[in-house]
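Computed from the coordinates by the stated procedures, all read-outs in this text should not be read as laboratory data. All of these numbers come straight from a predicted model, not from anything done at the bench. Reconstructed Cβ throughout: ideal geometry from the backbone, glycine too, with neighbour counts over all protein chains shown.
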Amino acid sequence: MKKSPLVVQHLTKTFPPEKKGGNPFTAVDDISFELKEGQILGLLGPNGAGKSTTISMLLGTLSPTTGSIQYFGRNFARHKSQSLQHVTFASTYIKMPWRLTVWENLKVYGTLYNVQGQVFEHRMERFLKFFGVWDQRHKTMNMLSAGQITRIMLSKAFLPYPKIVLLDEPTASLDPDIAHEVRKFVKLQRQEHGVSILYTSHNMDEVTDVCDEVMFLKKGKIIAVDKPLNLARSVSTARMRLLVKDGLKRIRKFARAQNLPVAVKGREAVIEIDEQAIAQFLAKLAGENISYSQIAVDKPTLEDYFLQMSKDEL
Amino acid sequence: MKAHRIKALFLRHLYPLRRDFDLLSDMLYWPLVDTLLWGITSQWLAETSGQASVALAILMALLMWNIIWRAQSEVSRNLIDEIWNNNLVNLFSTPLMVREWLVSVMLLSFIKMGFTLVVITTVVVGMWQADILFFGWWLIPFIAAMITTGWWIGLISAGIILRYGPKMQTVVWTLPGALLPFSAVFFPLERFPQALQAISRVVPTTYIFETMRAVAAGGVIDWYSLTTSFAFNFLYLALAIWYFTRSMRHSVKLGLGRFN
């Protein structure tokens, strides 16, 4: 069996108190996981769940309090430079020096990874053209839009033939069509080069589309790891939409009597109900003389799972 | 240590020189203003005092002070530039090692300082016929001492910024400034208040400036002063590297992302 290129064991990060007499804060609490070769693993969780802290530790820009990170079977703390030769990242929230042009910035990063000369030029031309920013290459970074910067950062991340890429909300500032291209690009890189990717996003449809598996973090702990659809299925509550012809007030009263959340918009009643209980509910509804002309059942999605898991945060 | 990573940092800090006036003004404009100001002042002082060596001592002090300034500025200012550009995480999430960063900024300071020095020297020699070669081969240890001093000041400033954040960025400009009077750059040490002379005696550059003034006035090289200066310099450089690396470790403990 092939060894996972990234193995994280019992990783914990506790920050010291900000003020004297305050309490230390544990942002990541004893998490263990593996990123398999060619896998796209989603890292989800509400704000403050520990996603960014985890990524920072995986990049070596934040040291763990306890636990270990192993890249390619080697201890990251001891072999940081060698490991990072094959690990890159892109984030919407990190910029590049604004005095340098796009091309100069990428040349600096290419040189850091020893990707130079024609290899650099061919690769950059390919990536920048793919992302539609080839014409911007001689502009300084301060002249680019947020979306353009994001695409440059992605080009940077895939420049040095990485084996692992950490993508922190790579589509956050992109238009839907460009975001679609990014997803296509990420999948292609995995398919062509077997790149393993750790992917964070707040777009649940995107995570469902791109990720093989999703790891859900909450208050620094991993609370679930599964395929996106399995996580969605674990939410038993579906949304049933009824276009009510007659008995809107009665349906609201009826649903509330059974402790079911109900919302009314115009003639439509939206009832949150366990999928298993729908048939029984409709049978009872018939007995109440309530007539409806349309019925639709929205199956639970990853977003529902996310909302359910994040509820305690609010 | 990989040469290509040092080259990358060279590119990172040399590319902006193509188009950035504020970087060029640091390297050329202010040193030229200083040179004109002190050049004319030194000529006037030499004429009124009747001692030609005063002018040479002041002009050499100016040259040497610029070496310290440039050497320290390249170390600490390059770090603050990465923070201003939100680039620290970008850099240190690559295979780049801290020691490679240190070597590259030290070498960069050498290159940029050389550039500034050529321009100032041309003006000093061209306008006032200052005989800077009067010191002969002794110029090499004098310059080496100044660069070393610049490096350790820069490393301490950079370490302070890494530890306490950009709110302390003023040390890039104030720390070398604090050393200026204690180094007895433009006046003899004996003119300094007695109580403060004790501090000056543990500042390595004091010995160099004192030696230069003595030689310019027709004296000889004082080996004890020169050795003391280098001993202090190497000790402070070692301590500054230690402090910088500890500050870097401290900063990574809190996360380099906090500078974004």
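Among beta bridges from DSSP that stay inside chain A, the antiparallel ones total about 70%. Label-to-label distance for A:Asp298 and A:Thr66 is 4.3 nm, based on points extended 7 Å past Cα in the beta-carbon direction. Volume of the convex hull of region B:53-109 (Cα atoms only), normalised per residue: 69 Å³.
Computed over all pairs of different Cα atoms, the Kirkwood value for the hydrodynamic radius of region A:123-171 is 11.3 Å.
Between A:Lys221 and B:Trp30, the FRET efficiency estimated from the beta carbon spacing at R0 = 45 angstrom works out to 0.25.
Taking one quarter of the surface of the convex hull spanned by the alpha-carbon atoms of region A:210-269 gives a direction-averaged projected area of 6.4 nm².
State whether region B:123-230 is rounded, prolate or oblate according to the following rule on the C-alpha gyration tensor (a ≥ b ≥ c being the square roots of its eigenvalues): a/c under 1.5 gives rounded; otherwise a/b larger than b/c gives prolate, and the remaining case gives oblate. Prolate, since a/c reaches 1.5 and a/b exceeds b/c. Listed values for region B:8-20 are Karplus-derived 3J(HN,Hα) couplings in whole Hz (6.51 cos²θ - 1.76 cosθ + 1.60, θ = phi - 60°), namely 4, 6, 4, 4, 3, 9, 9, 3, x, 4, 4, 9, 9, and x replaces Gly and Pro. Annotation: amide H-H contacts under 5 Å for A:Thr26 (H modelled 1.01 Å from N, sequence separation of 5 or more, or interchain): A:Phe15. Summary value for chain A: 20 percent relative contact order, contacts being C-alpha pairs under 8 angstrom separated by 6+ residues. Each other residue within a Cβ distance under 11 Å of A:Thr237 adds +1 if Lys or Arg and -1 if Asp or Glu, for a net charge of -3.
Taking Lys and Arg as +1 and Asp and Glu as -1, the other residues whose beta-carbon sits under 15 Å from that of A:Ala179 total -4.
Let a ≥ b ≥ c be the square roots of the eigenvalues of the Cα gyration tensor of region A:128-211; is it rounded (a/c under 1.5), or, if not, prolate (a/b larger than b/c) or oblate? Oblate.
Computed from backbone phi, the HN-Hα couplings of region B:117-133 come to 4, 4, 5, 5, 4, 4, 5, 4, 6, x, 7, 10, 6, 5, 8, 6, 7 Hz, rounded to whole numbers (Karplus: 6.51 cos²θ - 1.76 cosθ + 1.60, θ = phi - 60°; Gly and Pro given as x). Backbone amide hydrogens, once placed in the peptide plane, bring A:Gly42 within less than 5 Å of A:Tyr199, A:Asp212, A:Glu213, A:Val214, A:Met215, excluding anything fewer than 5 places away on its chain. Determine, at each q value in 0.14, 0.22 (inverse angstroms), the log₁₀ of I(q)/I(0) that the Debye formula gives when each Cα of region A:103-246 is one equal point scatterer. These q points yield log10 I(q)/I(0) values of -0.75, -1.43. For chain A, the 222 nm mean residue ellipticity estimated from helices alone, with every DSSP H stretch of n ≥ 4 adding -39500 (n - 2.57) and the total spread over all residues, rounds to -10500 deg cm²/dmol. The angle separating the long axis of helix A:146-158 from the principal Cα axis of greatest extent in chain A is about 60 degrees. Dividing the summed -39500 (n - 2.57) terms of all DSSP H runs of n ≥ 4 by the residue count of chain B sets its mean residue ellipticity at 222 nm at -25500 deg cm²/dmol.
To the nearest ten degrees, helix B:223-254 and the longest principal axis of the Cα atoms of chain B are 20 degrees apart. Residues in region A:11-28 carry Karplus couplings, in order, of 6, 9, 10, 10, 8, x, x, 6, 10, 4, x, x, 9, x, 10, 8, 8, 10 Hz; the curve used is 6.51 cos²θ - 1.76 cosθ + 1.60 with θ = phi - 60°, and Gly or Pro positions show x. What whole-number distance in Å separates the alpha-carbon centres of region A:11-53 and region A:86-128? Spelled out, the Cα-based centre of one part sits 28 Å from the other. Considering only B:Asn90, B:Asn66, B:Asn233, the mean-square fluctuation computed in a Gaussian network model of chain B, springs between alpha carbons under 10 angstrom, is largest for B:Asn90. On the beta carbon distance between B:Ala52 and B:Arg19, with R0 = 35 Å, the FRET formula returns roughly 0.20. What is the percent of Cα-Cα separations in region A:166-244 that go past 18 Å? The answer is 51 percent, as a whole percent.
Can you give the net charge of the other residues whose Cβ lies under 15 Å from the Cβ of B:Gly150, counting K and R as +1 and D and E as -1? The answer is +1. Normalised by the number of residues in chain B, the average gap of Cα pairs under 8 Å and 6 or more apart makes the relative contact order 24 percent. Highest mobility in the GNM of chain B, judged by mean-square fluctuation with C-alpha springs under 10 Å and restricted to B:Ala57, B:Ala216, B:Ala231, is found for B:Ala231. Simple spin-label estimate for A:Glu192 and A:Ala277 gives 5.1 nm between the two label positions (7 Å along the Cα-to-Cβ direction from each Cα).
Just checking the listed ones, A:Ala27, A:Ala172, A:Ala255: in the Gaussian network model of chain A with Cα springs under 10 Å, the one fluctuating most is A:Ala255. Against chain A, whose longest principal axis comes from its Cα atoms, helix A:176-193 is set at around 60 degrees. How much of the pair distance distribution for the protein assembly as shown lies past 32 Å, counting alpha-carbon pairs only, in percent? Tail of the P(r) past 32 Å holds 58 percent of the pairs.
Could you check how many percent of all C-alpha pairs in region B:3-259 are farther apart than 29 Å? Of all Cα-Cα pairs in region B:3-259, 33 percent lie more than 29 Å apart.
Peptide packing: for A:142-149, B:76-83, the average count of neighbouring Cβ atoms within 10 Å per residue gives the ranking B:76-83, A:142-149, highest mean first. Using a ≥ b ≥ c from the Cα gyration tensor of region A:235-313 (square roots of the eigenvalues), is it rounded, prolate or oblate, where a/c under 1.5 gives rounded and otherwise the larger of a/b and b/c decides, a/b for prolate? In terms of gyration-tensor shape, prolate. Modelled spin-label separation between A:Ser145 and A:Asp175, with each label point placed 7 Å from Cα along the Cα-to-Cβ direction: 0.6 nm.
Summarising the amide proton neighbourhood of A:Phe72: residues at separation of 5 or more, or on other chains, whose placed amide H is nearer than 5 Å comprise A:Leu6, A:Val7. Taken over the C-alpha atoms, chain A has Rg and Dmax values of 23.9, 78 angstrom.
The antiparallel fraction among DSSP beta bridges confined to the protein assembly as shown stands at about 70%.
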